[in-house]
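Heads up: the structure comes next, in structure tokens.
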Amino acid sequence: MSYEATFRVWRGDAEGGELTDFQVEVNDGEVVLDVVHRIQATQAPDLAVRWNCKAGKCGSCSAEINGRPRLMCMTRMSTLPPGETVTITPMRTFPVLRDLVTDVGFNYQKAREIPAFIPPQGVKPGEYRMQQEDVNRSQEFRKCIECFLCQDTCHVVRDHEENKPAFAGPRFLMRMAELDMHPLDAAGDQGLDRKATAQEEHGLGYCNITKCCTEVCPEGIKITDNALIPLKERAVDRKYDPLVWLGSKISRRR
Amino acid sequence: MTEVERHGFDVVVVGAGGAGLRAAIEAREQGRRTAIICKSLFGKAHTVMAEGGIAASMGNVNDQDNWQVHFRDTMRGGKFLNHWRMAELHAKEAPERVWELETWGALFDRTKDGRISQRNFGGHEYPRLAHVGDRTGLELIRTLQQKVVSLQQEDFREHGDYEARIKVFQEYTVTRVLKDGDRVSGVFGYQRESGRFFVIEAPAVVLATGGIGKSFKVTSNSWEYTGDGHALALLAGASLINMEFVQFHPTGMVWPPSVKGILVTESVRGDGGVLRNSDGKRFMFDYIPDVFREKYAETEEEGDRWYQDQANNRRPPELLPRDEVARAINSEVKAGRGTPHGGVFLDVSTRLPAEEIRRRLPSMHHQFKELADVDITAEPMEVGPTCHYVMGGVEVDPDTASSCVPGLFAAGEVAGGMHGSNRLGGNSLSDLLVFGRRAGLHAAQYADTAGDDRPVVDQEQIDAAAEEALAPFSADGGENPYGLHQELQQSMNDLVGIIRREGEMEEALQRLATLGERAESAGVEGHRQFNPGWHLALDLRNMLLVSECVARAALERQESRGGHTREDHPAMAAEWRRVLLACSLADKPVPGEGAIVLQRKANPAIREDLLALFGVDELKKYLTEDELPGAEADLPPQRADVDADKKSENGAEH
Ligand SMILES: Cc1cc2nc3c(=O)[nH]c(=O)nc-3n(C[C@H](O)[C@H](O)[C@H](O)COP(=O)(O)OP(=O)(O)OC[C@H]3O[C@@H](n4cnc5c(N)ncnc54)[C@H](O)[C@@H]3O)c2cc1C
Ligand code: SF4
Ligand code: SF4
Ligand code: FES
């Protein structure tokens, strides 16, 4: 079964652009990305769009569908209101390069600013021992496919270019939580307090736990509840309660 | 003279998948200035899609496992066509490569005693695959990506510049390897964002570009799999071997059309899923080949008992090797017993409680629910074969990963030899790390020896490469590259697919030749800035070259082995095991005749101590009389009765 749909796709570049209408065939079972591909193949061969796996695994095809940040390859046409125009625009938080493609360099820059995993001294490769229940928490965060939809949606930076330098965004604050919860990360031994760094250098304080990031995460990661809030609670403890801070330092050294 | 952005490095790695990143990390740790080029964003390479795991005989779950057993399984999987030395190095080094990932922050699933958990997989005798649920590839990519970042942080501390010694050029596509005389001098390509050209000068280039699946219509592969590295190597004067061997995974989604080809993991069958045709029959019982007859259940009852009691029952034929299952499904559909959408039914809903299915197969449950509106806990899936992996690739020296072109190295799916005629699940991810590291190491050493005598990039080659890349813009009223691509995919699928016939492959070659001519005049609209039509027009050259290699080699090899099945030559022939088919670029291509020449090469004889790991009875199935070890009595008796197929095939997936 197929029908004609109206797609309204943003076309343009850094200089500006506009929504362009396409009448396009839609077949049973298709996802938004299929339809965008059909527009490319039949009407606009130079329509710029990123995609790789078409299976929700690589996080390349992020865009805003009817205003909501989503993966185009995981959004089935049948889940959109029937008969209504489908509007696709690029992620708003990042500068447009062309059409649906944005410059996501911000994220790569932030990734670089998060101090890497610090391997424990004296534990040789092959000698790492960790219990499953101790790695579960960090593993949840490592499901992240870096689609950057959470970064796109977070109001701290969405319409606030000025906050970008100071705020790593939910994806990378979560990365800090991940390392902080890694059972063998030796940051403490090197005098690096990841929680404090999140607060002091990566803008954890900007987050007011609205949970919008969690809502758009295609991997269903509980970013706010499981990463940001625990990070905050402990960061707050440490900041305002020297005893808690000292206690945790001592136990880490052991 | 063409305007290009220019850079200079010691080592250039083309590809940021598992193989490319591991190579780059090594080259950088050897102190060489290293560039990583990838045509998508950093962290999005195809490796991210790998699900099941990474094979390494760490022996965490069964301490009987060791590199010899892994080597044996790999050779059997590849039907002994593998380069024995690659299989040996791979089996020996895989554990170290996996352990090292932990020191870079990887978090694998754990055993009860806190070590890396390992799961069963098709063709592996013991539980061997390190994994993270069903997203192992993501863990691998992220770990390597984060290791690159940590090296950059190190450089930042030392030099105040993150990119002092390792730099990622993302969304840069290489279209030519440049040469100075015989040796490599760098790479040429375009930036996706601006469409501008770039040249990176370097004495050593590592190709790590992955596979070729996008030449087939139904595939589990991603956008990037247009065979670029295979083609770049050919164009630079290297040769490709084993190109006739393409792995079709038996279970890909078949409906809806938009998801056709997406992988349905083998764990579904490992956990009890059964295959049925439209008559409701468990047809795999009709497809047990004679060589496997003793090892597979004859009745459904026995097959079903195996899931609980593997010691006293034989396993169900749904768990036959992948090529067997793929062929059986193909036959059922051809005989008119397929599903409405041209597949067969894979049913787990009547086999396990819904709760159990959701627990064991979360991503499959999610995938079918989201993409096909199918609740696998309540109804069967429809599945059919999908093009999954290419065993063929650049012919390399096993120890150094270097091709026959000085300065050109290759690792990962783009390299050939390691997997012979058929790859075992999990053996790719380990291959990426083992040979990625070797390629990086030897590229670094090679770059070092170049010293002051560095190759010089030739302006004429740059001009020619630029002209080639711009051609699609000047093709007046040229053909739509999307249309050409679809025709190519259809032809390969129909004519050089799972089951091959002489006449069809000849027709394929003719079609490829005409498509090649038409592709030369493929035209594009718009400008150079992020223009997918243009990119596809350029990728066509690569897909056509690689497809010709596959078709030509498949036509030549008159036997059936692993990922190459000839209806007109259904048996495996020991004589053919000694033959490798090598493709290279014709010096003077005759118009309409194609661009590739084929050469027969001898497959190097397996080292004796490695041969001794197998029993003579088993070797007889694969080797010719005169290859068999002379003195049978010398063989350790316990080896002689090793059961060729005593492998755990449950819980398997690629
Ligand atoms: C669905 C699926 C599941 C799988 N599961 C498993 C599994 O469980 N276990 C296992 O062992 N194997 C598995 N495989 C196979 C395995 O994932 C691949 O063989 C492997 O990831 C290939 O890695 P690679 O490093 O060679 O290349 P890739 O990871 O594909 O990387 C290729 C890189 O090259 C770049 N590139 C390509 N062309 C160019 C160019 N012209 N210019 C610049 N850059 C370029 C790309 O951008 C990319 O960065 C699976 C495959 C699929 C499809
Ligand atoms: S919870 Fe915090 S990080 Fe997430 S969207 Fe809200 S403010 Fe941003
Ligand atoms: S946390 Fe979720 S939304 Fe954010 S980048 Fe990762 S996968 Fe995307
Ligand atoms: S294309 Fe990979 S997530 Fe959509």
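What distance in nm lies between label points placed 7 Å from Cα along the C-beta direction at A:Q109 and B:D452? Label-label distance for A:Q109 and B:D452, simple model: 4.2 nm.
In summary, the convex hull built on the alpha carbon positions of the range B:251-382 has an orientation-averaged projected area of 7.8 nm². Summed over both chains, the accessible area lost when B and A associate is about 5200 Å², using a 1.4 Å probe. What the Cα atoms of chain A give is an Rg and a Dmax of 21.3, 67 Å.
Extents of the range B:544-600, largest first, come to 35, 21, 15 Å (Cα atoms, principal axes, whole angstrom). Average accessible surface for the range B:251-382: 42 Å² per residue, computed with a 1.4 Å probe over protein heavy atoms with every protein chain in place. Once the Cβ-Cβ distance of A:D159 and A:E127 is raised to the sixth power relative to R0 = 60 Å, the FRET efficiency obtained is 0.75. Relative to the longest principal axis of the Cα atoms of chain B, the long axis of helix B:322-334 lies at roughly 80 degrees. Helix B:362-372 axis versus longest C-alpha principal axis of chain B: approximately 70°, rounded to the nearest ten. Here the ratio of the Cα radius of gyration of the range A:2-102 to 2.2 N^0.38 Å is 0.98. Counting only protein heavy atoms and a probe of 1.4 Å, the accessible surface of the protein assembly as shown is 47% carbon and sulfur.
Between the range B:536-587 and the range B:21-45, how far is it from one alpha carbon centroid to the other, in angstrom? Centre-to-centre distance over Cα atoms comes out at 31 Å.
Summarising the label geometry, the points placed 7 Å from Cα in the beta-carbon direction at B:D304 and B:D161 lie 7.0 nm from one another.
By the beta carbon rule, with partners counted only under 4.7 Å, chain B holds these lone Cys residues: B:C38, B:C387, B:C404.
For the residues of A:130-140, the average number of beta carbons from a partner chain within 10 Å of their own beta carbon is 4.
Nearest 0.05, what FRET efficiency do B:S278 and B:Q490 give at R0 = 22 Å with Cβ-Cβ as r? Don't jump to the answer; show the numbers that get you there.
On the way: r = 25 Å, r/R0 = 1.13.
Efficiency at R0 = 22 Å is approximately 0.30.
Dimensions of chain B from C-alpha coordinates, computed as largest minus smallest value along each principal axis and given longest first, are 74, 54, 53 Å. Distant-in-sequence amide contacts of A:T87, defined by a placed amide H-H separation under 5 Å and a gap of 5 or more residues or a different chain, comprise A:R8, A:N66. Here, the range B:176-256 has an Rg and a Dmax of 16.0, 51 Å when only alpha carbons are counted. Annotation for the range B:322-345 versus the range B:51-119: alpha-carbon center distance of 33 Å. GNM on chain A, alpha-carbon springs under 10 angstrom: the most fluctuating residue among A:G67, A:G29, A:G205 is A:G29.
The alpha-carbon atoms of the range B:166-215 define a convex hull whose volume equals 113 cubic angstrom per residue. Excluding the site residues themselves, the longest part of chain A lacking any GluC sites (Glu not before Pro) in a DSSP loop with at most 10 other Cβ atoms within 10 Å is A:85-254. Axis angle, to the nearest 10 degrees, between helix B:481-495 and the longest C-alpha principal axis of chain B: 30 degrees.
One Cα centroid belongs to the range B:192-244, the other to the range B:253-309; the line between them spans 35 Å. Probing with 1.4 Å while keeping every protein chain in the model, the per residue accessible area of the range A:105-253 equals 44 Å². Interface residues of the range B:348-372, defined as those with an accessible-area decrease of at least 20 Å² between the chain by itself and the complete set of protein chains (probe 1.4 Å), are B:H366, B:E370, B:L371. Distant-in-sequence amide contacts of B:G195, defined by a placed amide H-H separation under 5 Å and a gap of 5 or more residues or a different chain, comprise B:F530.
Ligands, DNA and RNA are left out, and with a 1.4 angstrom probe the accessible area of the range B:484-606 is 41 Å² per residue. Based on the convex hull around the alpha carbon atoms, the protein assembly as shown presents an average projected area of 37.0 nm². For the range A:74-112, a drop of 30 Å² or more in accessible area on going from the chain alone to the assembled protein chains (1.4 Å probe) is found at A:M74, A:R76, A:L97, A:R98, A:Y108, A:R112. Using a 1.4 angstrom probe on protein heavy atoms only, which residues from the range A:22-50 are buried by at least 10 Å² of accessible area when all chains are present rather than their own chain alone? Listed by number, the residues meeting the 10 Å² cut-off are A:D28, A:G29, A:E30, A:V31, A:D34, A:Q40, A:A41, A:P45, A:D46, A:A48, A:V49, A:R50. Taking a sphere under 11 Å around the Cβ of B:L581 and counting the other residues whose Cβ falls inside, with K and R at +1 and D and E at -1, yields a net charge of +1. Computed extension gain for B:T111 through B:T2, at 0.36 nm per residue and net of the alpha carbon distance, reaches 33.5 nm.
Placing a pseudo-label 7 Å from each Cα along the Cα-to-Cβ vector at A:R8 and B:D609 gives an inter-label distance of 7.3 nm. For the peptides B:624-630, B:302-308, residues were scored by their other Cβ atoms within 10 Å and the scores averaged per peptide; the highest-first order is B:302-308, B:624-630. Sites listed here are trypsin sites (Lys or Arg not before Pro) in the range B:88-185 whose DSSP assignment is loop and whose Cβ has at most 12 other Cβ atoms within 10 Å: B:K112.
The values are calculated or read from the model by the stated rules, or taken from the named source; none is laboratory data. Note that this is a predicted model, so its numbers are computed, not measured. Ideal geometry is used to build each Cβ from the backbone, glycine not excepted, and the neighbour counts take in all protein chains shown. Accessible surface is based on the protein model in full, side chains and every heavy atom, while ligands, DNA and RNA are left aside. Shrake-Rupley method; radii C 1.70, N 1.55, O 1.52, S 1.80 Å.
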